[in-house]
């Protein structure tokens, strides 16, 4: 029997896994931000609330539960409801991708897709190849697996197959990368696909922003390029991720992975180990939203609003912070990436002082696990209206001045493509 | 540049992480089962569809989106909506637990809670202490973290603090363990709590079946015992898991973890890395279901139906398979655990032949990572009506006979508590 006199000699608390010591301060800062009245939040990739089709989704939700109570309220299949897998596959077939339901796994958000990929492809110490900087949330998702990172060097013209070789997988956001907003060119896409085929490395194409082209026609995805001349996806080197978060409503937490059947089976085993199955009602709502054209109905308003805000933010940056930051105008997506002209600026301090001055911006550091990117900031233009975007940049300019940052040589608009809308 | 002539010398496909080789055949078997007409499924822990309150939840869903569009459709806080965290905390305070919102993390199901616990407490090779057999889904959730297991030996009277010492955490299902249906006694609960305090090991109390007492009054949970004389949960060694899956609707995927604030913060970081945030509509529906008493309204029907089915299954077992299996009648939960009298039976073959004969049962092996449990089966009584339960046991008896299994000495009802309802 246990000696009960020992009970009061309290032992130390729980030991937490080492990866938890390496997380970034995003969450705590965002929680603090929520309680600051009047704060202009340019930090997250949040949709404008006015774009959420609440009335339509309310009616869809009510009817879905009555029509499909077991699908909505009971346990569902781990890889997703059969109707939703097939509906997603149809939408890809309409774009020339030979996808069947067996090529589709439904996820509870893009973040879950990243977590599942880490689970099936990596063990501690494995290498992931990607552009640096890249999405901080992906690095968050993979941190519990303790990977190392290798910079791909796409824009520097590196030998991509050599950079991919031996990696557990390669990660890319070809359409308006988070954080840089960069649109990978068609030629670069072809090089990426060829390199994936040569190296035998799975190439993850994360495409949350593929519907958010503001200038010109969408480019073909890596998955579409890989599908040319193929009858199925059995040998496809591309693993394609998408979601409803930017097209309909992020709170639904509905995303998908398109991949070879064997990869989908492994992902399903990982999903069984992660949450057993996704919320059924959200999946039924997704089927209805796809089949009734609600997504296409919402699209023009999203594009018009975000294009105007992209333009407004870039104009406000030129007005207020062009002496401190250079940037490229993104042709789509949600973010403008700014590189500081003065590379000695302490960006964490800039963010903290900006928050005190009433504007929350994102620091570049969480997007750079290798520490190779010059001091940078990420600005989101989707959540705030044009007046707030202007005021936010004015507050940021005040913060630069208060920190005593010396103005650099203005580069705007020399390095930026012209605004085309 | 990459040598494009190499493209057609296809390299091997993706390398998958080693843990994927160790999964059990549950999923593939259940998928195969779904396409067999007339199969009597006693394998999963599924609710009876007639108990899902579809009309009430349809109305709640429609109104929730109209009343709280941002909560339901936008990104939400990672640890859960503030209203739901507070509502859950209130329900625990009503049972004497000094819980505040900061002690509550909302999860997308009990499975996600297990995944998050694995992420924050274990690194490869760490030890988890638990009763063997224990929940196969927990072993699934932890497999990507590659832990080792130590049998606690509660019912054998082992020194619990010694067995817990050095483990990353201890895992228990005190109310109607999955798979055994065992109800941990009050004295055993007190010993477990004392041992957790002595050893300094977090003790995870998984309580999905706490509302499913069919005989007698509920026993206090470990969390309630640990709360005695405490003003807060800061030093609480218990991490308590619950969900709506057995009380309302599993398809909602709403669960919770109650723990010390530091543990909740770590779990929130792990959740950010897993799915960023849970489905917002389901959380709003959960608040409403708790505040309007819908859960309490559903409860008597659930208890009456499942108690009758528990009785029917045990009576059918006595009628048909009492020569082959011994069991204890569980006082609650969803499962009856049967130990084969002939320990030479190949249980995997029994399951496969049973499936061919039209009844799907669960094999014991996935519940036993140490290989120490005698050949066993798990039978769920919640999904099928009484006629099917009887027919299922008749088919299982035929399967035993077809396999040539020799009848053993009947033990029913000698080892079983009397049926009390």
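Distances, shortest first, from the label point of residue A:372 to those at the same position in the other copies read 5.0 nm; the point lies 7 Å along Cα to C-beta.
Each listed q (0.11, 0.20 Å⁻¹) maps to a log10 I(q)/I(0) for the stretch A:304-411 from the Debye sum over equal C-alpha point scatterers, namely -0.30, -1.04. Each DSSP beta bridge with both residues in the stretch B:54-292 is either parallel or antiparallel, and the antiparallel ones are about 35%. Translational diffusion of the stretch B:222-272 was estimated from the Stokes-Einstein equation, with Rh taken as the Kirkwood radius over Cα pairs; at 37 °C and 0.692 mPa s the coefficient is 267 µm²/s.
Taking max minus min of the alpha-carbon positions on each principal axis, the stretch B:363-412 gives extents of 36, 28, 21 Å, largest first. Hydrodynamic analysis of chain A uses the Kirkwood radius over alpha carbon pairs. Inserted into Stokes-Einstein at 25 °C and 0.890 mPa s, it gives a translational diffusion coefficient of 107 µm²/s. The mean number of partner chain beta-carbon atoms within 10 angstrom of a residue's beta-carbon across peptide B:101-112 is 3.
Entry note: the stretch A:217-342 has Rg to Rh equal to 1.07, where both radii use alpha-carbon atoms and Rh is the Kirkwood radius.
Counting Cβ atoms of other protein chains within 10 Å of each Cβ in B:194-201 and taking the mean gives 5. Distances between equivalent label points of residue B:93 across the copies, with each point positioned 7 Å along Cα→Cβ, amount to 5.5 nm, shortest listed first. Over every Cα atom in the stretch A:54-294, the radius of gyration and the widest Cα-Cα span, Dmax, amount to 17.5, 56 Å. Taking every DSSP bridge with both residues inside the protein assembly as shown, close to 55 percent are antiparallel.
Counts of other chain beta carbons within 10 angstrom of each beta carbon in peptide A:260-270 average 4. For residue B:82, the label point sits 7 Å beyond Cα toward Cβ; its separations from the matching points on the remaining copies run 4.5 nm, from shortest to longest. The Rg/Rh ratio of the protein assembly as shown, with Rg taken over Cα atoms and Rh as the Kirkwood radius over Cα pairs, comes to 0.98.
Laboratory data are not the source of any read-out in this text; all were calculated from the coordinates shown. Just so it is clear, the model here is predicted, and its values are computed rather than measured. Methodologically, a virtual Cβ is constructed for each residue, glycine included, from the backbone with ideal geometry; neighbour enumeration extends over all protein chains shown.
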